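Take a look at the structure below.
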Amino acid sequence: MSLSSTLHPDGVVEIVIDRPPVNALAVADWFALARLLDEAGADPEARVVVLRAEGRGFNAGVDIKEMQQSQGFDALIGANRGCYAAFKAVYECDVPVVAAVNGYCLGGGIGLVGNADVIVASDDASFGLPEVERGALGAATHLARLVPAHKMRAMVYTATRASAQELHAWGSVLQVVSRTELRDAAMSVARDIAAKSPAVIRAAKACLNGIDPVDVNRSYRFEQGFTFELNLAGEGDRARDRFVRDGATENE
């Protein structure tokens, strides 16, 4: 199982990522996640979404091994388009999205969480963009919604991570709890939202998106252009081949 979606009687839609070993999503998974989010927003019974994961970490980004096993640029283009669709679906979901982050949140995980409305994290959660070490760029748009501007730049250049406690201090993470309490904490926030008028909450989501100072969809698409340029220059393949050859796992 990679993804599942459950509508609870209280109007909370629980979408779960579960793709062992590290929750790195294949191209088809990104598009499937986008569809689940779109369907949740379109369901009149849905009032809020909780996006969470099973396993060692929330999300390790794209499945690099799948990409390197493919010929030509199809997998890269698919990953670009799939991530764009999934991040956009989080942001444009008609109801608020509460992200529950456990363990590592890397690469594409930053895109999902950075576009969420509310973030709850476990006390062992960490957030980062290892993209420069993979010969790519992307999701700085979303990291900039989580950390201060110069911290974001340092994290992009060095591929270092920030802790859940740091993000809580900056105000982007609402709560930090133990891993065993994470699902309950996220569901509690979601139920609080679900108890409000559905019409008002949907209007609030549209209103808040409308006053955002940055067009996250356009900004991320701009970043993706540099990833494709780097791949054409050979930087992407070299970095990904090294990653696969060294037997690295995305949750280091």
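The values are calculated or read from the model by the stated rules, or taken from the named source; none is laboratory data. Source: prediction; values computed, not measured. Using ideal geometry, Cβ is built from the backbone for each residue, glycine included, and neighbour counts are taken over all protein chains shown.
Taking T227 as the residue in question, decide whether it is of a type in the set (S, T, Y), at negative phi, in a helix (DSSP H, G or I) and out of contact with any helix residue (DSSP H, G or I) (no Cβ under 8 Å at 6 or more places or on another chain). It is false that T227 is of a type in the set (S, T, Y), at negative phi, in a helix (DSSP H, G or I) and out of contact with any helix residue (DSSP H, G or I) (no Cβ under 8 Å at 6 or more places or on another chain). Pairs are defined by a Cβ separation below 7 Å, a sequence spacing of at least 6 or placement on different chains, a first member in the range 145-172 that is within 17 Å of V216 (Cβ to Cβ), and a second member that is surrounded by 14 or more Cβ atoms within 10 Å (Cβ to Cβ) and aromatic (F, W, Y); the pairs so defined are L146/F127. From the list N209, N217, the one residue that fits, being within 22 Å of E131 (Cα to Cα), surrounded by fewer than 17 Cβ atoms within 10 Å (Cβ to Cβ) and at pLDDT 95 or above, is N217.
Quick grid of which residues meet (1) surrounded by fewer than 20 Cβ atoms within 10 Å (Cβ to Cβ); (2) at pLDDT 95 or above; (3) out of contact with any Phe, Trp or Tyr (no Cβ under 7 Å at 6 or more places or on another chain); (4) not charged (D, E, K, R):
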residue	(1), (2), (3), (4)
L129	no, yes, yes, yes
L143	no, yes, yes, yes
E181	yes, yes, yes, no
A199	yes, yes, yes, yes
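Just one residue in the set V49, V90, V95 is part of a loop (DSSP other than H, G, I, E, B) and not charged (D, E, K, R); that residue is V95.
Quick grid of which residues meet (1) acidic (D, E); (2) surrounded by fewer than 24 Cβ atoms within 10 Å (Cβ to Cβ):
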{"position": "A34", "(1), (2)": "no, yes"}
{"position": "E39", "(1), (2)": "yes, yes"}
{"position": "F58", "(1), (2)": "no, no"}
{"position": "L76", "(1), (2)": "no, yes"}
{"position": "F87", "(1), (2)": "no, no"}
